[in-house]
1. Does F231 qualify as being of a type in the set (F, W, Y) and touching a helix residue (DSSP H, G or I) at 6+ places or on another chain (Cβ under 6 Å)?
2. Which one is modelled with the highest pLDDT among residues in the range 53-71 that are small (G, A, S) and in a loop (DSSP other than H, G, I, E, B)?
3. Quick one: what pairs do we get from the range 121-133, first residue touching a residue at least 24 places away in the same chain (Cβ under 8 Å), second among the aromatic types (F, W, Y) and not in a loop (DSSP other than H, G, I, E, B), C-beta under 9 Å, 6+ apart or different chains?
4. Select, from I101, I144, the only residue that is aliphatic (A, V, I, L, M) and more than 19 Å from the chain's Cα centre (by Cα).
5. Any residue that is at pLDDT 85 or above, in contact with a Pro (Cβ under 8 Å, 6 or more places away or on another chain), closer than 28 Å to A139 by Cα and in a loop (DSSP other than H, G, I, E, B) - is there at least one of those in the range 172-183?
6. Just a yes or no: is a residue in the range 129-149 in a loop (DSSP other than H, G, I, E, B), acidic (D, E), open to solvent by 80 Å² or more (accessible area, probe 1.4 Å) and under 30 Å from R3 (Cα atoms)?
7. Give the range 161-185 a look and list any residue that's touching a helix residue (DSSP H, G or I) at 6+ places or on another chain (Cβ under 9 Å), surrounded by 15 or more Cβ atoms within 10 Å (Cβ to Cβ) and within 15 Å of R95 (Cβ to Cβ), or say none.
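The values are calculated or read from the model by the stated rules, or taken from the named source; none is laboratory data. Predicted model only: the values in this text are computed from it and were never measured. A quick note on method: Cβ atoms are made from the backbone with ideal geometry, for glycine too, and the neighbour counts reach across all protein chains shown. Calculation scope for accessible area: heavy atoms of the full protein, side chains included, ligands and nucleic acids excluded. Shrake-Rupley method; radii C 1.70, N 1.55, O 1.52, S 1.80 Å.
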Amino acid sequence: MTREEQVKAVGLKAGARVVGIAAVEAFREKVPEGYRPEDILPGARSENVAVHAMCDFIEGTLSHKALQAPSLPVHGHEPPMSMMHAAELAGLGTRSLAAHIILNPEYGLLYYAALITTLPLEADGPLNEPACPHPGCAAMYKRIGTTPCLRVCPACLAGTVQDGRIQTSTYDREKCHSRAQTYGIGSFQKGLLQIVNEDNRERRRTMIYSDFFTKSIQSLGFFRDSIAQCFECMRVCPVGRKYRKLQ
């Protein structure tokens, strides 16, 4: 096998649904300095979507540096490097009308991780055909002027479709955050501050066992500060629906 095939095989064997390779140079056109793979690992040549087993293989077998790309925000909602952009450049999916979520043509919504390596690999490149809109969604838009995701969340999403392709797409991130990401580090800190400042013992106990504080703690355990708690747009999305059916 080629080096590319070897690395991908390791990632797939380790449990990744899909693995793609993006050229580091491809980030320079749209990604500002400080948020590129080479800013995280000087000398980086390629980025692979999938992680630990591939890092071990690249360093142990192929004798090149490899590290997991940071994906969680370090301030506000801005991660050091965009997993969305990496997935696009690696040919694993395209942006959608549904909050610009990257959809894989086969599986729909996937959670992406990445590694950055100094190993020279041939890039896969972006997909030629977009995953969104799904043919059924394009037909629906032509008929009634909307799609399942636009109809289920008109407060946060807007867009137009022409000739089966996304023509315009708008996502109100701040409005979505206020509705769908209400539990996380911020809500935990807010709840904890209210609890320690509450003098009434019984009220303090009620606050600790409240639904709000319980969900805030759960969000920390499941890293839900970095993802939505709504998913209505994905619930109605037909891309990859067959993999979401209950067994």
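1. No; evaluated as a whole, the condition is false for this residue.
2. At the first step, the residues of the range 53-71 found to be small (G, A, S) are 53, 60, 63, 66, 69, 71.
Now drop any that are not in a loop (DSSP other than H, G, I, E, B), which leaves 63, 69, 71.
On the way: S63: 96, A69: 85, S71: 70.
Filtering the range 53-71 for residues that are small (G, A, S) and in a loop (DSSP other than H, G, I, E, B), the one modelled with the highest pLDDT comes out as S63.
3. Short answer, once both residue conditions are applied: P133/Y141.
4. Values: I101 fails: more than 19 Å from the chain's Cα centre (by Cα).
Going through I101, I144 in turn, the sole match is I144.
5. No, that holds for no residue.
6. yes
7. Once the filter is applied, which keeps residues that are touching a helix residue (DSSP H, G or I) at 6+ places or on another chain (Cβ under 9 Å), surrounded by 15 or more Cβ atoms within 10 Å (Cβ to Cβ) and within 15 Å of R95 (Cβ to Cβ), the range 161-185 yields only V161.
One line per residue, one yes/no per condition, for (1) open to solvent by 50 Å² or more (accessible area, probe 1.4 Å); (2) at pLDDT 95 or above; (3) among the aliphatic types (A, V, I, L, M):
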site: R28; (1), (2), (3): yes, no, no
site: L41; (1), (2), (3): no, no, yes
site: A44; (1), (2), (3): no, no, yes
site: V51; (1), (2), (3): no, no, yes
site: S82; (1), (2), (3): no, no, no
site: G93; (1), (2), (3): no, yes, no
site: L97; (1), (2), (3): no, yes, yes
site: L110; (1), (2), (3): no, no, yes
site: L115; (1), (2), (3): no, no, yes
